[in-house]
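The structure appears below as structure tokens.
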Amino acid sequence: MMAETSVIRLSARLQAAAALIPQCSTLFDIGTDHAYLPIYCIQTNRCQHAVASDRREGPLRRATEHIKRYQLAELITTRLADGLSGLNPQVDDTVVICGLGGVEMQRILAAGGPVSGTLILQPQKDIRLLRHWLADHGYVFESEYLAEDRNRYYPVMRVRHDGKQHQLTELEAQVGPCLIRTHTPALRCYISRELGKLNKQLTGTPELGPLIDLLNQLMEDNEYVS
């Protein structure tokens, strides 16, 4: 196998996750799949070491092949594990979970206990539920980003456990407290698409009406959406 020497290319979704990762000691990539993210973070000196973890043997084999191709086997360890099982991230480490549903992320975090270091999450669905769960279980939102990838928007969030229970409004849970504050240019398009989804659910779930009204107001309010 010929060794790769160039910096690995990430999708826009993973690039957004990488941008939120602070300088850290060890990066734990949960559900690593191809191990693209830990490879990139080692190559760009974002972390000193990395653990690429997956609960499926097939993806972990692919991850191992890619790590060897980039000659990073001494810096990236692969682990066959379910979520955070057997892992012990410290305060100067970063845990990344990308590409899973919000409910599955809740399960992983509940089973693993509070994450001491930085936590980067990119949920595919059930985002409102996940944000509420994080706030209820002592996580504070530090930063959020909207990644556009293949005509879809992916919210990526950086949170840290401070042990305090936080309250989110339904609007903050749906859109993201940091995204509302930062006036990201992609926000209007993202909210428009979320409104489309929620309006389709409205007939069977009439309790979504107040949230839809809040999102429509946010769309109209130039103070918050540029």
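Some points to look at:
- Inspection of the stretch 89-96 identifies no residue that is out of contact with any strand residue (DSSP E or B) (no Cβ under 7 Å at 6 or more places or on another chain), hydroxyl-bearing (Ser, Thr, Tyr) and either surrounded by 21 or more Cβ atoms within 10 Å (Cβ to Cβ) or not in a helix (DSSP H, G or I) (or both).
- Within the stretch 171-202, the residues that satisfy the criterion of being outside any helix (DSSP H, G or I) and either of a type in the set (Gly, Ala, Ser) or surrounded by 12 or more Cβ atoms within 10 Å (Cβ to Cβ) (or both) are Gly176, His183, Thr184, Ala186, Leu202.
- When the test is whether a residue is under 23 Å from Pro22 (Cα atoms) and open to solvent by 10 Å² or more (accessible area, probe 1.4 Å), Lys125 does not pass it.
- The single condition among (1) modelled with pLDDT of 95 or more; (2) within 21 Å of Ala147 (Cβ to Cβ) that His49 does not satisfy is (2).
- Single condition Leu168 does not satisfy, out of (1) open to solvent by less than 60 Å² (accessible area, probe 1.4 Å); (2) outside any strand (DSSP E or B); (3) in contact (Cβ under 8 Å) with a residue 40 or more places away in the chain: (3)
- Answer from Val159, Val140 - the residue that is assigned to a strand (DSSP E or B), open to solvent by less than 10 Å² (accessible area, probe 1.4 Å) and within 30 Å of Cys24 (Cβ to Cβ): Val159
- Neighbours by Cβ (under 6 Å, 6+ apart or cross-chain): first from the stretch 1-28, farther than 17 Å from Leu121 by Cβ; second β-branched (Val, Ile, Thr) and open to solvent by less than 50 Å² (accessible area, probe 1.4 Å): Ile8/Ile39
- Of all residues in the stretch 17-58, those satisfying the criterion of being open to solvent by 10 Å² or more (accessible area, probe 1.4 Å) and part of a helix (DSSP H, G or I) are Ala19, Leu20, Tyr36, Tyr40, Ile42, Gln43, Glu57, Gly58.
- Sole residue being assigned to a strand (DSSP E or B) and either within 23 Å of Gln15 (Cβ to Cβ) or small (Gly, Ala, Ser) (or both), chosen from Leu130, Leu146: Leu146
The values are calculated or read from the model by the stated rules, or taken from the named source; none is laboratory data. Please read these numbers as outputs of a predicted model, since none were measured by experiment. Neighbour counts run over all protein chains shown; Cβ positions are idealised from the backbone, glycine included. The accessibility values were calculated without ligands, DNA or RNA, using every heavy atom of the protein model including side chains. Shrake-Rupley method; radii C 1.70, N 1.55, O 1.52, S 1.80 Å.
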